[in-house]
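Notes to accompany the following structure.
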Amino acid sequence: MTAVVSADVVVLGLGIHGMSTVASLARRGVRVVGIDRFPAGHARGSSHGRTRMIRRAYPNPVWNPLVEKAFDAWEGLERASGETLIHRTGGMYAHEGASQLQGPDCILVEDRGEMASLMPSFVVPDGYRAVYDPSAGVVEAERALVALRTLAVAAGADVRDTEQVLGWDSASGGVQVRTDRGVVRAERLVVAGGSWAGRLLPQLSDLLEVWRILTVTVRAGQSAGIPPALGAFSVDRLEGLVFGIPDADGNGVKLGVDAGEVWDPETPVAAPTPAEVDALRDLLHAYVPALDTAPVEAAACLYTMTEDKRFVIGPLADSPEVIAVSACSGHGFKFGPAIGDAVADLCEGVERPDLDFISTARRGI
Ligand SMILES: Cc1cc2nc3c(=O)[nH]c(=O)nc-3n(C[C@H](O)[C@H](O)[C@H](O)COP(=O)(O)OP(=O)(O)OC[C@H]3O[C@@H](n4cnc5c(N)ncnc54)[C@H](O)[C@@H]3O)c2cc1C
């Protein structure tokens, strides 16, 4: 006998965007069921790993209001959970020639002495300039997902792991979601399926490409990697931007490259090979030479890319009871709690014109 339950909203996917949406809805008293096909903390998607970078320096001012909401939402989550989730370390973003990066309090730094005084351990390549963002820093990603889940469950959310959504049907103004364990009837379905979004929502499939992304993390506690000696950083290169996250709170310095091979998320993402690890260690040697890079913790993860690196969020034109949340392109985590609040608003019929620049409507879907 198939179990049938009813709720106001079903959220598919419990990565940072799905879990933030579940927590925001539950704390508003909405009956919400959150479903993920893998166990909590799994490493098959895009939200695993201890840390992420947060910054105000963005390439287009259209992002600035949402970036402000992101910082506010993290502060709100810290208050609600009693956890420290953000470490402000400052961030330096090196580039050749002119940079689009801008944002409140961000400054252009051209003098190498000034670069060294702002971030002593970071070696900016010769001939490069940099944008310095004093409010950039580190997000405690793993801790944030636990905090959101704890708040969601405490507020009455039905959070389910290792249950797969197989499909859904629109039913009398709502939706009937079929899983490998039963059926959930609800008014709305939020699809926050990360790298599976293109499979789950054919309307998005032409817009999205999934990349395998590699990172290395070195031994924690090295003074050269700890703020203020090192903050968040990046180096813009033709072969792909290098990003670095400092060792705040004993997480170790992490480095990765914003480029990778196209990957099918149905296949577990392959761990970095020894040669790939060596290449990342060489980058660490180049940009933070004082760090001891042996041993390293190497990891693989998935980006879901759009061509313009803008997210795709909003109801689907052909089934408005379904809300798509595809917010990655390698920079979505920092927006998690703010996007969760925004999607909860959309579920409650609250208009969010501030999301127009990242909406489904903008893409005609
Ligand atoms: C290496 C790396 C470094 C990054 N660094 C940064 C950074 O510094 N700053 C930043 O802001 N962002 C960063 N990002 C991007 C950020 O991590 C992602 O944008 C974000 O995690 C995406 O979250 P999500 O919830 O959309 O996807 P996911 O976390 O992948 O969640 C989607 C979930 O949907 C579930 N799912 C899929 N299909 C089904 C189904 N049929 N039934 C049930 N469940 C299903 C999956 O199991 C998965 O858990 C980085 C990403 C990577 C990979």
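The values are calculated or read from the model by the stated rules, or taken from the named source; none is laboratory data. In this text the structure is predicted, and so the values were computed from the model without any measurement. Every residue, glycine among them, receives a Cβ derived from its backbone with ideal geometry; neighbour counts consider all protein chains shown. These accessible areas exclude ligands, DNA and RNA; they are computed on the full protein's heavy atoms, side chains included. Shrake-Rupley method; radii C 1.70, N 1.55, O 1.52, S 1.80 Å.
If amide H atoms are built 1.01 Å from N in the plane of the peptide, which residues on other chains or at least 5 residues away come under 5 Å of the amide H of residue 359?
313
Run the quick spin-label model on residue 116 and residue 199: label points 7 Å from Cα toward the beta carbon, then report their separation in nm to one decimal.
That separation, rounded to one decimal, is 5.2 nm.
Give the accessible surface of the chain per residue, rounded to a whole number of Å², with probe radius 1.4 Å and ligands, DNA and RNA excluded.
Heavy-atom accessible area per residue stands at 40 Å².
Could you give the nm distance between label points at residue 185 and residue 219, where each point is 7 Å from its Cα heading toward the beta carbon?
So the two model labels end up 6.1 nm from each other.
Please figure out what share of the DSSP beta bridges in the chain is antiparallel and state it in percent, rounded to the nearest 5.
If I count the DSSP bridges inside the chain, around 70 percent turn out antiparallel.
Taking the alpha-carbon set of the chain, what are its Rg and Dmax in Å?
For the chain, the Cα-based Rg and Dmax read 20.4, 71 Å.
Report the FRET efficiency, 1/(1 + (r/R0)^6), for residue 297 and residue 318, where r is their Cβ-Cβ distance and R0 is 30 Å, rounded to 0.05.
0.10
Mind jotting down the distance between the C-alpha centroids of region 125-173 and region 275-332, whole Å?
Between the Cα centre of region 275-332 and that of region 125-173, the gap is 13 Å.
Quick check: net charge around residue 49, other residues with Cβ under 10 Å of its Cβ, Lys/Arg +1 and Asp/Glu -1?
On the way: positive: 50, 52, 254; negative: 142, 297.
My count for the surroundings of residue 49 gives +1.
Residue 361 versus residue 126, label points 7 Å from Cα toward the beta carbon: distance in nm?
Label at residue 361, label at residue 126, 5.3 nm between them.
Does anyone have the angle between helix 141-154 and the longest principal axis of the chain? Alpha-carbon axes, 0 to 90°, nearest 10?
30
Place a label point 7 angstrom from the Cα of residue 249 along the Cα-to-Cβ direction, then list the residues of region 110-148 whose backbone nitrogen is under 20 Å away.
Hits in region 110-148 for residue 249 at 20 Å: 134-148.
Please give the direction-averaged projected area of the C-alpha convex hull for region 204-351, in square nanometres with one decimal. List each step's numbers first, then the result.
On the way: hull surface 43.5 nm².
Convex hull of Cα atoms, orientation-averaged projection: 10.9 nm².
Whenever you get a sec, compute what percent of the accessible area on the chain sits on carbon and sulfur atoms (1.4 Å probe).
Carbon and sulfur together cover 52 percent of it.
How much length would be gained if the chain were fully extended between residue 307 and residue 160, taking 0.36 nm per residue of separation minus their Cα-Cα distance, in nm to one decimal? Write out the running numbers ahead of the final one.
Numbers: separation 147, 0.36 × 147 = 52.92 nm, distance 3.27 nm.
Length difference between fully extended and current span is 49.7 nm.
222 nm [θ] for the chain, helices only, -39500 (n - 2.57) per DSSP H run of 4+, per residue, to 500?
Working: 8 runs with 84 residues, N = 365.
Estimated from H runs of four or more residues: -7000 deg cm²/dmol.
Once you keep just the Cα pairs under 8 angstrom separated by 6 or more residues, what percentage relative contact order results for the chain?
24
How large is the accessible surface of residue 168 in square angstrom, using a 1.4 angstrom probe and rounding to the nearest 10?
Residue 168 exposes around 60 Å² with every protein chain in place.
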